[in-house]
């Protein structure tokens, strides 16, 4: 067990970021039925924003400064790309996010250049050793920031007025409009929140591994996580993130020696199995259509 | 002069003038070198530095060396996004657009793209090289027009294994490589060669080309307890992460890498964990100011009003290719053979040319240049310092 523990801790630390990113992704899907294919680019933009602020401010402040700007970025995306397409086929909006992803890839390179960037500072070292197991500072920070934020957001969605309005819109947008709920403003806020969560994940990744186009690949993990948790289950995304992180860690520990490279394919194998057994995900709502 | 005679002379004269002008135009037409580089995507940092090397090299050839026997050398740049499909499309676009007698060399991107294009390149007899040092490409019997401007990944691993043998006789080795053509290329050779040298490969770790947490990799390495860890197939995407995690976890193995890990940013990013990281590298660094090529290019860039601060290894490599190809073209032109076949012929004959010290000499053996040096990272100096002279690997 002592041998397995460091793997599990690493897996949970990764899972925290998967969960954070998937939370924003599922939130948008739940509220607007849009699959945001630009979620990896949200993370990338967030990481670059953090990098830019880190050139001027100490890193913790830089992360804090990047978050409201990321929120604004999400709102602008909703205003510029999503809202004009409201009422159209949802595929049109999805394709718009694919286009947005390409535009953001190019825009990021134009603005910040192609070179890999490294944050000038670092977060305080919280790494420690307990019982012969080393817990890295990265793992502590990931869990420390992602877990309370994710849980807090879930609480907010369940208990607060804003959360109830979001859920109302996601249930039936037309009825919400008829009841005078400011859907446009609330949906913009959802996109803003999604960008904020992606930025926090991007900032934590940037602290560990620098900023570059490679971060987009991390965004790809959001799809298996969201499908595993259930595309309409906001809480499921967080749990599925941790689950996938742990599964990857177990694969690294036990399978990698016999099946080199398998861990890379694992998330998608898991998704395949889940789709066969529970197509609506582990925590998703089972929908039955009667015709 | 009778009217008929006058008209005859006028006709002949006009035809001759037309013919000569066309001939003169043909002579004035540029010679083209096309590059397919990852200007966007995960390796954009390397692709853009490489492009800069080609731009400088081609400008230098035209402005200082007088072009290719009086003809201008023209550079074509296409983006591949480090994507085989996009790269193949760019290759086809360039080939269908350019005249075969003008497009005399193509420089491509990545092991994957080059292996995909290799059969077509062989079929049309197009002189070609790439950012890749894949062993499979250095095979003149199969691909008579493909050249590798440096040692292959197998050669680089050979150099590292020789160094390991010097440091420890029966060493325990771990291999960490990306699950890409680039990463996998030298692995069979390393395993076979390590065994022949009496070493033991105690662990193999296959990873994605980019990841953000090296903890599981290092934990696996710790369990295997190797003396040396060879990294392959990353191009700086993860080496600093692995080195830092290894230091954090108290792994005492010595880390080594090949050409694409030999960049200063690795030391900057990995910090003290980079100390002793050993790499193969076969061009001078920008800070090797005693090398005439470095001094010359610094002055050239200054004259052009271009940034003279540190240029990365990808820049140096591209510059070496541009100057080597131009020299082969120049010699082919002097021999009246400025064709694709002529360029191939003279690339094989420019062993005496060093491009002012950018290489040890373009001495192709089986269409690759089997020489390298080993460098070791010094955190104090913030640079890689040579620890060997040229090693002959063929």
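From the residues in the stretch B:237-247 that are within 10 Å of chain A (Cβ to nearest Cβ) and surrounded by 23 or more Cβ atoms within 10 Å (Cβ to Cβ), which one is farthest from the chain's Cα centre (by Cα)? Walk me through how you get there before you give the answer.
In the first step, residues of the stretch B:237-247 are kept if they are within 10 Å of chain A (Cβ to nearest Cβ); the result is B:237-238, B:240-241, B:244-245.
From what is left, the residues that are surrounded by 23 or more Cβ atoms within 10 Å (Cβ to Cβ) are B:237-238, B:240-241, B:245.
Working: B:237: 18, B:238: 21, B:240: 22, B:241: 25, B:245: 30 Å.
So the residue we want is B:245.
Identification of strands (runs of 3 or more DSSP E) wholly contained in the stretch B:111-222 with 1 or more residues that are in the same structural domain as residue B:323 (by TED's automatic domain parsing) yields B:128-130.
When A:10, A:24 are checked against the criterion of being within 14 Å of chain B (Cβ to nearest Cβ), in a helix (DSSP H, G or I) and either at pLDDT 95 or above or crowded, with 21+ Cβ neighbours inside 10 Å (or both), a single residue qualifies: A:10. The numbered conditions (1) away from chain A (no Cβ under 11 Å); (2) at positive phi; (3) surrounded by fewer than 22 Cβ atoms within 10 Å (Cβ to Cβ) are all true for residue B:250 except (1). Which residue out of B:153, B:128, B:189 is surrounded by fewer than 21 Cβ atoms within 10 Å (Cβ to Cβ), touching a helix residue (DSSP H, G or I) at 6+ places or on another chain (Cβ under 8 Å) and modelled with pLDDT of 95 or more? Checking each option against the conditions leaves just B:189.
Go through the residues of the stretch A:50-67 one by one and say whether even a single one is over 27 Å from residue A:173 (Cα atoms), in contact with a strand residue (DSSP E or B) (Cβ under 8 Å, 6 or more places away or on another chain) and not in a helix (DSSP H, G or I). No, that holds for no residue. Taken as a whole, the condition of being outside any helix (DSSP H, G or I), touching a helix residue (DSSP H, G or I) at 6+ places or on another chain (Cβ under 8 Å) and touching a residue at least 24 places away in the same chain (Cβ under 8 Å) does not apply to residue A:280. Are any residues in the stretch B:83-101 crowded, with 19+ Cβ neighbours inside 10 Å and in contact with a strand residue (DSSP E or B) (Cβ under 9 Å, 6 or more places away or on another chain), and if so, which ones? B:86, B:87, B:90, B:91, listed by residue number.
Whether a residue is assigned to a helix (DSSP H, G or I) and loosely packed, with under 15 Cβ neighbours inside 10 Å was assessed, and residue A:104 does not pass this test.
When the stretch A:248-275 is examined, which residues are found to be away from chain B (no Cβ under 12 Å) and either in contact (Cβ under 8 Å) with a residue 12 or more places away in the chain or touching a helix residue (DSSP H, G or I) at 6+ places or on another chain (Cβ under 9 Å) (or both)? Reasoning before the result, please.
Step one: of the stretch A:248-275, the residues away from chain B (no Cβ under 12 Å) are A:268-275.
Passing the criteria: A:268, A:269, A:270, A:271, A:274, A:275.
The values are calculated or read from the model by the stated rules, or taken from the named source; none is laboratory data. All of these numbers come straight from a predicted model, not from anything done at the bench. Every residue, glycine as well, gets a Cβ built from its backbone with ideal geometry; the counts of neighbours run over all protein chains shown.
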